[in-house]
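Chemist: Dropping the structure in here first, questions after.
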Amino acid sequence: MKRRVPTVVLSLMFLTSGYAAWDNVLSDNAPVRAEAEALACGRKACSEKHGMTKADRDPFGQTFEFTWRDAKVRVECRRPAWIVGARRCAAGEVRH
């Protein structure tokens, strides 16, 4: 019984880490990118020419940077409890 508890705990840790890596790094993130771009467009006019110039994905969340001719907006998307709950995206300040 003493060996079983650490084995179960270690297995749960590996499964949780594997799911987080799959969900944030390997799976299709088109909905997250669309939400991030919509949020960035709330800070700067989307009618102006812009593009995503940086995208970082790690097991804990995703970070995007959108660039206009005269400004940049950074958007971070994370889950409130690492792998549980809906992602929440937050846009940073507009940098010129």
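The values are calculated or read from the model by the stated rules, or taken from the named source; none is laboratory data. Remember, predicted model here, so these are calculated numbers, not experimental data. Because the Cβ atoms are built from the backbone with ideal geometry, glycine has one as well, and the counts that use them run over all protein chains shown.
Chemist: Every residue in the range 82-96 that is at pLDDT below 90 and either touching a strand residue (DSSP E or B) at 6+ places or on another chain (Cβ under 7 Å) or not in a strand (DSSP E or B) (or both), please. Before you say what the answer is, go through the steps one by one.
Modeler: Step one: filter the range 82-96 for residues at pLDDT below 90, giving 82-87, 92-96.
Scanning the range 82-96 gives TRP82, ILE83, GLY85, ALA86, ARG87, GLY92, GLU93, VAL94, ARG95, HIS96.
Chemist: Also, quick follow-up: Say whether the condition of being touching an Asp or Glu at 6+ places or on another chain (Cβ under 7 Å), closer than 20 Å to CYS89 by Cβ and either loosely packed, with under 12 Cβ neighbours inside 10 Å or not hydroxyl-bearing (Ser, Thr, Tyr) (or both) is met by at least one residue in the range 64-71.
Modeler: Checked against the condition, which is being touching an Asp or Glu at 6+ places or on another chain (Cβ under 7 Å), closer than 20 Å to CYS89 by Cβ and either loosely packed, with under 12 Cβ neighbours inside 10 Å or not hydroxyl-bearing (Ser, Thr, Tyr) (or both), the range 64-71 yields at least one hit.
Matching residues to (1) aliphatic (A, V, I, L, M); (2) touching a strand residue (DSSP E or B) at 6+ places or on another chain (Cβ under 6 Å):
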{"residue": "VAL25", "(1), (2)": "yes, yes"}
{"residue": "ARG33", "(1), (2)": "no, no"}
{"residue": "CYS41", "(1), (2)": "no, no"}
{"residue": "ARG57", "(1), (2)": "no, no"}
{"residue": "THR63", "(1), (2)": "no, yes"}
{"residue": "PHE66", "(1), (2)": "no, yes"}
{"residue": "LYS72", "(1), (2)": "no, yes"}
{"residue": "VAL75", "(1), (2)": "yes, yes"}
{"residue": "PRO80", "(1), (2)": "no, no"}
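Chemist: For the range 58-72, which residues satisfy the criterion of being at pLDDT below 90 and within 27 Å of TYR19 (Cβ to Cβ)?
Modeler: Scanning the range 58-72 gives ASP58, PRO59, PHE60, GLY61.
Chemist: Just checking, which of LYS54, LYS49, LYS2 is surrounded by fewer than 13 Cβ atoms within 10 Å (Cβ to Cβ) and either at pLDDT 90 or above or among the β-branched types (Val, Ile, Thr) (or both)?
Modeler: So the residue among LYS54, LYS49, LYS2 that is surrounded by fewer than 13 Cβ atoms within 10 Å (Cβ to Cβ) and either at pLDDT 90 or above or among the β-branched types (Val, Ile, Thr) (or both) is LYS54.
Chemist: Further question on the same structure: Kindly indicate which of LYS44, LYS2, LYS54 is touching a residue at least 40 places away in the same chain (Cβ under 8 Å) and of a type outside the set (Val, Ile, Thr).
Modeler: LYS44
Chemist: While we're looking at this one, here's another question. Which is outside any loop (DSSP other than H, G, I, E, B), at pLDDT 85 or above, β-branched (Val, Ile, Thr) and surrounded by fewer than 16 Cβ atoms within 10 Å (Cβ to Cβ), of VAL75, VAL32, VAL25, VAL8?
Modeler: VAL8
Chemist: Here is a follow-up. Somewhere in the range 13-21, is a residue assigned to a loop (DSSP other than H, G, I, E, B) and surrounded by 14 or more Cβ atoms within 10 Å (Cβ to Cβ)? Outline the logic, then answer.
Modeler: Restricting attention to the range 13-21, the residues satisfying the condition of being assigned to a loop (DSSP other than H, G, I, E, B) are none.
Scanning the range 13-21, I find no residue that is assigned to a loop (DSSP other than H, G, I, E, B) and surrounded by 14 or more Cβ atoms within 10 Å (Cβ to Cβ), so the answer is no.
Chemist: Still on this structure: Count, please, the residues in the range 40-96 that happen to be in contact with a Lys or Arg (Cβ under 6 Å, 6 or more places away or on another chain) and among the hydroxyl-bearing types (Ser, Thr, Tyr).
Modeler: Residues meeting the conditions: 0.
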